[in-house]
1. I'd like the full set of residues that are exposed (fewer than 11 other Cβ atoms within 10 Å of the Cβ) and modelled with pLDDT under 95, limited to the range 9-29.
2. Considering only residues of the range 144-199 that are of a type in the set (Phe, Trp, Tyr) and in a helix (DSSP H, G or I), which is nearest to Gly134 (Cα to Cα)?
3. Against the definition (over 24 Å from Tyr6 (Cβ atoms), surrounded by 14 or more Cβ atoms within 10 Å (Cβ to Cβ) and under 15 Å from the mean Cα position of the chain (by Cα)), how does Leu139 come out, yes or no?
4. Considering only residues of the range 69-115 that are β-branched (Val, Ile, Thr) and in a loop (DSSP other than H, G, I, E, B), which is modelled with the lowest pLDDT?
5. Among the residues of the range 161-199 satisfying the criterion of being touching a Gly at 6+ places or on another chain (Cβ under 8 Å), modelled with pLDDT of 90 or more and among the β-branched types (Val, Ile, Thr), which is nearest to Val104 (Cα to Cα)?
6. Among Tyr64, Tyr42, which is the only one that is touching a Lys or Arg at 6+ places or on another chain (Cβ under 9 Å), closer than 20 Å to Arg25 by Cβ, of a type outside the set (S, T, N, Q) and without any contact (Cβ under 8 Å) to a residue 40 or more places away in the chain?
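The values are calculated or read from the model by the stated rules, or taken from the named source; none is laboratory data. No experiment lies behind these values; they were computed from the predicted model shown. All Cβ positions, glycine included, derive from the backbone under ideal geometry; neighbour counts span all protein chains shown.
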Amino acid sequence: MSEFQYFEFVAIDRPLNATERRRLRAITSRATITSTRLVNTYEWGNFKADPHELVEKYFDAFLYYANWGTRRLILRVPSARLDLTLAKRYCATRTVRSRSSRSVASVTATGKHLVIDLWSEIESGGDWGDAEPGVLSALVPIRNELMTGDYGALYLAWQLRTQAGEIAAKSPTPPVPAVASRLTGSQQALVEFLRIGAA
């Protein structure tokens, strides 16, 4: 197998209605689509939509990985439950008009939600065995943590940006969340999935 890509979207706060499922089916004829999930794998070709836009419109979480080393997690959080100003202390700002500029950890304000987009791109050969379907279920609890005041994942996002060279050495460190010294299971899964701290 020379190429493998895995796409998984999950709707948590509300199920997809029939019209939304038809719109998604028009994008991909091969995906498994239910009222709460869209899953697709590729050994050739590519997904014909922007995952960030689909999360903005339909879903609350998205996971992607490819065997050449790219990994991505997107979470949509109600803006009433997570303050944009706070999120911007840790994540780069990605506006609707500047989609071309990509940080490894960005936050977008869209409608009644914030969309947090996290990337890891480390060249690798055959990198699919340690990121199997089911990983998203271990990461989704981060969304609830953010909504209930545990900002450990945001601090990990800042560490991801530092690791990627986006943060200048002399830049001030944002506040360390009180709970960051002890990672939750989902935060540890995030560290492993995005290879935060990897050499």
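1. Ser29
2. Quick first cut of the range 144-199, residues of a type in the set (Phe, Trp, Tyr) only: 151, 155, 158, 193.
Filter again for in a helix (DSSP H, G or I), leaving 155, 158, 193.
Values: Tyr155: 24, Trp158: 25, Phe193: 12 Å.
That would be Phe193.
3. Details: over 24 Å from Tyr6 (Cβ atoms): no; surrounded by 14 or more Cβ atoms within 10 Å (Cβ to Cβ): yes; under 15 Å from the mean Cα position of the chain (by Cα): yes.
Against the criterion (over 24 Å from Tyr6 (Cβ atoms), surrounded by 14 or more Cβ atoms within 10 Å (Cβ to Cβ) and under 15 Å from the mean Cα position of the chain (by Cα)), Leu139 does not qualify.
4. Initial filter on the range 69-115 (β-branched (Val, Ile, Thr)): 70, 74, 77, 85, 93, 95-96, 104, 107-108, 110, 115.
From what's left, in a loop (DSSP other than H, G, I, E, B): 95, 104.
On the way: Thr95: 59, Val104: 96.
Checking each candidate, the answer is Thr95.
5. Taking the range 161-199 and keeping what is touching a Gly at 6+ places or on another chain (Cβ under 8 Å), we get 163, 177, 179-180, 183-184, 187, 191.
Cutting the leftovers down to modelled with pLDDT of 90 or more gives us 163, 183-184, 187, 191.
Then drop every residue that is not among the β-branched types (Val, Ile, Thr), which leaves 184, 191.
On the way: Thr184: 22, Val191: 14 Å.
Checking each candidate, the answer is Val191.
6. Details: Tyr64 fails: without any contact (Cβ under 8 Å) to a residue 40 or more places away in the chain.
Testing whether each residue is touching a Lys or Arg at 6+ places or on another chain (Cβ under 9 Å), closer than 20 Å to Arg25 by Cβ, of a type outside the set (S, T, N, Q) and without any contact (Cβ under 8 Å) to a residue 40 or more places away in the chain leaves just Tyr42.
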